[in-house]
Every structure is written in structure tokens, then in C-alpha cells.
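*Asks:* My structure is below; once you've seen it, I'll send some questions.
The values are calculated or read from the model by the stated rules, or taken from the named source; none is laboratory data. For clarity, every value in this text was computed on a predicted model and none was experimentally measured. As a convention, Cβ positions derive from the backbone with ideal geometry for all residues, glycine included, and neighbour counts pool all protein chains shown. Quick note on the areas: whole protein, heavy atoms, side chains included, nothing else; ligands and nucleic acids left out. Shrake-Rupley method; radii C 1.70, N 1.55, O 1.52, S 1.80 Å.
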Amino acid sequence: MKFATRAIHVGQEADPATGSTIPPIHLSTTYTQAAPGQHKGYEYSRTQNPTRQALEQCLASLEEGEECAAFASGLAATTTIFQTLGPGDGVVAGHDLYGGTFRLLERVFRRWGLEVTVAADSGLEAHQKAISSLARPRLLWLESPTNPLLDVVDISALSQLAKSREMMVVVDNTFAKPYLQNPLRLGTDLVVHSTTKYMGGHSDVVADALVALDKQEQ
């Protein structure tokens, strides 16, 4: 299917219970089970919700990934990624970084014990130098275009560099959107979006999404 078709149809199947063409908004926090552990795929809305699942299926398709997890705020997915790391692990961040991400790294996760370094510029050499400065490099965090300077980085080349050091690569694709760029097809492991911005489109929703290339990443 082409992009427009996927954007409209993936995750938008008719409701099997009523035949509703538009999927309903499910507000229930809990779901009735036939017996403990015997349910229809939903038990508690924190772990799974039919409406949220429809959004996740659509976003995963648009980013050409296998799995997506939607979050309730712009930095929730970012926090989740950093929390997969442990004290002493190293993070290399791009030179121009969204302020919320920068503050999260500097004010929270440095205290957590992460070693954080920022590349001097958008080039391969600068990122290679930043990676080499870390004792235990684990994660490369990129934005392209960046926020706020709109610099464009070579995602493919930087992904290859990071993978040569067995680092996970994450790209914040908020500004480009999946219509213009699919970082997963350029060698990254994860894509994060502040869907509050262009994906939402109307400044009327606060949300975030994390898309993985394959299910093992989730």
C-alpha cells in the first residue's frame, strides 16, 4: 500500500462488535476476563487499549517498522529509551538537540549515572570523536532535521559508525515525519516522535510514539 492508503486504513478496521466504521474510543481502565489470565487481549489500559493499539499499528506502518508504543507525553518515550541503559553506559547526542531531551540527559540521567557527551557538529568525525571519548558507548541519539537549527545529518553513515561499536541508534524523526524520512530504513534501531507536533498537526494533543524496527527492540 502507498503511504496515503496506510495512513488512512492501517489500524482502522471496522469494530467487530458493532460494525462501526470508525474505531470507537475505549475509555475502560479494566477489561472483564473469563478467568484470571484469560482475556481477549486486553486486561488493563496501562498495558493495552484497543484505541491506542489502532494508533500504534498505523504509526508502525508509516515508519515501516514492526512495533510501536504510544505514550501520553512528548518526553515519555525518550525517558523510556534512556531507562533501558544502566549506570556507566555512554550516550552520544547530536550537536543540536531538542531542549527537553538535553535537559533530561543533563539534569536527570547524568545523576542516574549515564555518561553523556555531545558531538561538536553534525559530521562523521565529530561523532566518531565523541564515541571514542566514552568508556562504554551504548546509544547514539540523533535528530534530523534538528530542533531548533534544522540541521540535517547523515543518518545512514552515523548508524554504520555506531553499529561498528555495537551501539543502539535512535533518531528523533519529529520534524521530518515518516512521509519524508524513514530512519529505520537508514540503519537505525528506533524512531521517536513527539506526535504533539507535526503528526498531530493541530496543537490539540500531547503525545509521543516510539517505533521499533523489529519486535526484539521493544
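*Asks:* Just to be sure I understand: with springs between alpha-carbon atoms less than 10 Å apart, which residue in 21, 196, 80 has the highest mean-square fluctuation in the Gaussian network model of the chain?
*Replies:* Highest fluctuation among the options: 21.
*Asks:* On to the next question. With +1 on each Lys and Arg Cβ and -1 on each Asp and Glu Cβ, and nothing else charged, work out how big the dipole of the chain is about its Cα centre, in Debye to the nearest 20.
*Replies:* So the dipole magnitude of the chain works out to roughly 320 debye.
*Asks:* For a quick size check, give me the Cα extents of the chain along its three principal axes, largest first, whole Å.
*Replies:* Sorted largest first, the three principal extents are 58, 39, 31 Å.
*Asks:* Lys/Arg Cβ at +1, Asp/Glu Cβ at -1, dipole of the chain taken about the Cα centre: which of 118, 86, 10 is farthest positive-ward?
*Replies:* 86
*Asks:* Of all the stretches in the chain, which is the longest one without any exposed loop site, taking chymotrypsin sites (Phe, Trp or Tyr not before Pro) in a DSSP loop (any state but H, G, I, E, B) with at most 16 other Cβ atoms within 10 Å?
*Replies:* Here the longest run is 32-197.
*Asks:* Right, another one. In nm, what is the difference between 0.36 nm times the number of residues separating residue 135 and residue 204 and their Cα-Cα distance?
*Replies:* Result: 20.6 nm gained on full extension.
*Asks:* Hey, any idea what % of region 133-194's accessible area is carbon plus sulfur with a 1.4 Å probe?
*Replies:* 52 percent
*Asks:* Now for a separate question. GNM, the chain, Cα, under 10 Å: largest mean-square fluctuation among 17, 70, 126?
*Replies:* In the Gaussian network model the winner is 17.
*Asks:* Where a ≥ b ≥ c are the square roots of the eigenvalues of the C-alpha gyration tensor, would you call region 174-218 rounded, which needs a/c under 1.5, or, failing that, prolate if a/b is larger than b/c, or oblate?
*Replies:* Oblate.
*Asks:* Quick one: 3J(HN,Hα) in Hz for region 197-209, Karplus 6.51/-1.76/1.60 with θ = phi - 60°, rounded, Gly and Pro as x.
*Replies:* 8, 5, 5, x, x, 10, 6, 10, 8, 10, 6, 8, 8
*Asks:* On C-alpha positions alone, give me the angle between the axis of helix 50-62 and the longest principal axis of the chain, in degrees, nearest 10.
*Replies:* It is inclined by approximately 50 degrees.
*Asks:* Of the residues 93, 76, 135, which exhibits the maximal mean-square fluctuation in a Gaussian network model of the chain defined by a 10 Å Cα contact cut-off?
*Replies:* Top of the fluctuation ranking is 135.
*Asks:* Give the range of the longest stretch in the chain that excludes all GluC sites (Glu not before Pro) found in loop regions by DSSP and having at most 14 other beta-carbon atoms within 10 Å.
*Replies:* Counting only loop sites that pass the neighbour cut-off, the longest clear stretch is 14-165.
*Asks:* Express the relative contact order of region 80-140 as a whole percentage, based on alpha carbon pairs under 8 Å and six or more residues apart in sequence.
*Replies:* 47 percent
*Asks:* So what is the calculated 222 nm ellipticity per residue for the chain, using -39500 (n - 2.57) for each DSSP H run with n of 4 or more, over all residues, to the nearest 500 deg cm²/dmol?
*Replies:* Calculated mean residue ellipticity at 222 nm is -6500 deg cm²/dmol.
*Asks:* Over the chain, what is the percentage of antiparallel beta bridges among all DSSP beta bridges, to the nearest 5?
*Replies:* Beta bridges within the chain, antiparallel portion: roughly 40 percent.
*Asks:* State in Å² the accessible area per residue of the chain; use a 1.4 Å probe, count heavy atoms of protein chains only, and round to the nearest integer.
*Replies:* Each residue of the chain exposes 54 Å² on average to a 1.4 Å probe.
*Asks:* Please report the relative contact order for the chain, taking Cα pairs under 8 Å with a sequence separation of at least 6, and give it as a percent rounded to a whole number.
*Replies:* Over the chain, the number comes to 20 percent.
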